[in-house]
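Some notes on the structure that comes next.
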């Protein structure tokens, strides 16, 4: 009979596979881009393997590690994502975060390449779910530079653009992190279109304050219900 821990691990793997498929089919990643992780407990987490398509993940492509960076279990031929240090740094900085999604959504990445943060309050959904989205300085992929580049931003943001690279979102569970990536790309797309039309009207500051109060209440409610 499986332990509760084993059942949880199996459930998380299924969700990672589902989110990988969604990222790929919606064009938020291409080829072998992106990575997904989820915490099992305070010291252990799961992360997708390096060099595999997120649209065709299998359970053996999801690697179990601890916060010291030691691989605990994996498929025979797979190694952890080259960006595992970025995920670990996020978990160190944010105890409330249980999942991280990193992707290369076209419109988000265009803003990241252009050096333009998505820090204007233009959509109520984005204010409620994301807040202002900063750009982290460029850090070389597969190095500690990338992990270090997001430190200051991830402490107060649920979404961060990575300069000349892509985007990452976090959440209290896998689906929340994924939905935030969808919202982020949707916001970037609409902002891009509005910019092309010649004007981006921002939500008035008074209304933003109301949304931020509502956001705080939603966060409080989710914590109290254990969601």
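Where a number appears in this text, it was derived from the coordinates with a stated rule and is not lab data. A quick note: this is a predicted structure, and the numbers were derived from the prediction, not measured. Positions of Cβ are backbone-derived with ideal geometry, glycine not excepted, and every protein chain shown enters the neighbour counts.
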For residue 77 and residue 6, extending 7 Å from Cα along the Cα-Cβ vector and measuring point to point gives, in nm, a value of 2.7
Mean Cβ-within-10 Å packing, highest first, puts peptides 181-189, 198-206 in the order 181-189, 198-206
Of every Cα-Cα pair in the range 7-46, the percentage lying beyond 17 Å is 34
A chain fully extended from residue 186 to residue 213 at 0.36 nm per residue, minus the present Cα-Cα distance, gains in nm 7.4 nm
Taking Cα atoms only, helix 174-197 is inclined relative to the longest principal axis of the chain by an angle, in degrees rounded to 10, of 30
Cα-based Rg/(2.2 N^0.38 Å) for the range 107-211, rounded to two decimals, is 1.06
On the formula 1/(1 + (r/R0)^6), with r taken between the Cβ atoms of residue 66 and residue 21 and R0 of 30 Å, the FRET efficiency rounded to 0.05 is 0.65
For 81-88, 40-47, ranked highest to lowest by mean beta-carbon neighbours within 10 Å, the order is 81-88, 40-47
Between residue 141 and residue 201, Cβ-based FRET efficiency (R0 35 Å, step 0.05) works out to 0.45
Cβ density ranking, 10 Å radius, fewest first, applied to 21, 213 yields 213, 21
Once residue 58 and residue 43 are pulled to full extension, the length gained, defined as 0.36 nm per residue separation minus their Cα-Cα distance, is 3.1 nm
Over the chain, the sum of -39500 (n - 2.57) across DSSP H runs of at least four, divided by residue number and rounded to 500 deg cm²/dmol, gives at 222 nm -15000 deg cm²/dmol
One checks the Cα atoms of the chain and finds Rg and Dmax, in Å, of 17.4, 62
In Å, the Kirkwood hydrodynamic radius from C-alpha pairs for the range 1-123 sits at 15.3
